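Participant: One structure follows; several queries about it will come next.
The values are calculated or read from the model by the stated rules, or taken from the named source; none is laboratory data. Just so it is clear, the model here is predicted, and its values are computed rather than measured. Cβ placement follows ideal geometry from the backbone for every residue including glycine, while neighbour counts extend to all protein chains displayed.
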Amino acid sequence: MFLDFFKKSKKNSAQKAKERLQIILAHERVSNKAPFLDDLRKDLIKVVAKYVDIDPKEIDVSLQKDNSIEVLEINIPIK
């Protein structure tokens, strides 16, 4: 409906995090750098630790590039 346009939509934290990640990745593709990985790792620790028991030292975040394909790999061992 037309009035739905004016309503504030409530987004859950997962949706917000997904949108932030998409923005960060789009920005980093343009600059061909990956300095965001440390910040991403810190954010992941905060979010995941709310829901499950993890060891922050064991979280591994890496970005691999192969020609035109980029892969963001995130390993979070759960206790």
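Participant: Please enumerate the residues belonging to region 62-77 that are among the charged types (D, E, K, R) and modelled with pLDDT under 85.
Facilitator: Residues of region 62-77 that are among the charged types (D, E, K, R), as a first pass: 65-66, 70, 73.
Result: Lys65, Asp66, Glu70.
Participant: Please specify each residue of region 41-58 satisfying the condition of being under 14 Å from Lys79 (Cβ atoms) and part of a helix (DSSP H, G or I).
Facilitator: Initially, region 41-58 is screened for residues under 14 Å from Lys79 (Cβ atoms), giving 45, 48-49, 51-58.
Residues satisfying the conditions are Ile45, Val48, Ala49, Tyr51, Pro56, Lys57, Glu58.
Participant: Please work out which residue is surrounded by the fewest Cβ atoms within 10 Å (Cβ to Cβ), limiting yourself to region 65-79 and to residues that are part of a strand (DSSP E or B) and not charged (D, E, K, R).
Facilitator: Our first condition is that a residue be part of a strand (DSSP E or B); within region 65-79, this holds for 65-66, 69-75, 78.
Right, trim to not charged (D, E, K, R) and you get 69, 71-72, 74-75, 78.
On the way: Ile69: 7, Val71: 9, Leu72: 15, Ile74: 13, Asn75: 9, Ile78: 10.
Taking the candidates together, the pick is Ile69.
Participant: Go through the residues of region 42-61 one by one and say whether even a single one is surrounded by 10 or more Cβ atoms within 10 Å (Cβ to Cβ) and at pLDDT below 80.
Facilitator: no
Participant: Only residues that are at pLDDT 70 or above and either of a type in the set (Phe, Trp, Tyr) or outside any helix (DSSP H, G or I) (or both): list them for region 1-34, please.
Facilitator: Answer for region 1-34, where residues must be at pLDDT 70 or above and either of a type in the set (Phe, Trp, Tyr) or outside any helix (DSSP H, G or I) (or both): just Asn12.
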